[in-house]
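The values are calculated or read from the model by the stated rules, or taken from the named source; none is laboratory data. In this text, all values refer to a predicted model and were calculated from it rather than measured experimentally. Every residue, glycine as well, gets a Cβ built from its backbone with ideal geometry; the counts of neighbours run over all protein chains shown. Note: areas computed on protein heavy atoms with side chains; ligands, DNA, RNA excluded. Shrake-Rupley method; radii C 1.70, N 1.55, O 1.52, S 1.80 Å.
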Amino acid sequence: MDAPSSAVCPARFAWVIDNPLRRRLHNSETILGGLVAPGSTVLDLGCGSGVFTVALARRVGPSGRVIAADLQPAMLAKVQQRVVRAELQDRVALHVCAPGRVGLSARVDFVLAFWMVHEVPSAAALFAEMHETLNPEGKLLLVEPRLHVPRRVFQAEVDAALRANFKLLTQPSVRLSRAGLFGK
């Protein structure tokens, strides 16, 4: 099931998805633990204002790299500020996505798609592109907001990932969310 691209959360509402309560509910260490290793190349897909970008940059360490990708340059400007404050700009590359396509040439070890797939015009196209972007042992973590994305829509996203040749490895528990961890 595809969502209209007009559903994208505007940068002026970044505070809704980036606030102290959300950071407590979605502890990055709990969510990312065991998924991202030092030296990894990670894609923070639909990164918004960078809720997870700094945590990912710390996890990949000085030899790793995080690609913070978003459709909105205003969101990426917020990420840039956050990364500079954390003194991690040498580990993070900003990437502006094209409408309907991420458009990365890099290969990655891990993709985090947190509360964003419901905003893309075609989940099927996104998962097909991410399958090509991931290294052979790569993993993709899909997390959608339970109150905003009904079970049937989430299941349609899972089905789209499976049609793109992903394998559902597990459905981890993430507060207020529906989640799936996929491998190639």
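The residue that is farthest from the chain's Cα centre (by Cα), counting only those in the stretch 73-94 that are crowded, with 19+ Cβ neighbours inside 10 Å and closer than 19 Å to Glu119 by Cβ, is Lys78. Taking the stretch 133-149, which residues are farther than 17 Å from Leu169 by Cβ and either of a type in the set (S, T, N, Q) or in contact (Cβ under 8 Å) with a residue 40 or more places away in the chain (or both)? Passing the criteria: only Thr133.
Could you please let me know if Ala106 is open to solvent by less than 40 Å² (accessible area, probe 1.4 Å) and within 15 Å of Val42 (Cα to Cα)? Spell out how you get there, then give the answer.
Details: open to solvent by less than 40 Å² (accessible area, probe 1.4 Å): yes; within 15 Å of Val42 (Cα to Cα): yes.
When the stated conditions are applied, Ala106 passes them.
Considering the conditions (1) open to solvent by 20 Å² or more (accessible area, probe 1.4 Å); (2) more than 14 Å from the chain's Cα centre (by Cα); (3) of a type outside the set (Phe, Trp, Tyr), Val149 is excluded by exactly one of them, (1). Return yes or no: is Ala57 outside any loop (DSSP other than H, G, I, E, B), open to solvent by less than 30 Å² (accessible area, probe 1.4 Å) and in contact with a Cys (Cβ under 7 Å, 6 or more places away or on another chain)? No, not satisfied.
Within the stretch 157-184, if we keep just the residues that are open to solvent by less than 20 Å² (accessible area, probe 1.4 Å) and in a helix (DSSP H, G or I), the residue that is farthest from Thr30 (Cα to Cα) turns out to be Ala160.
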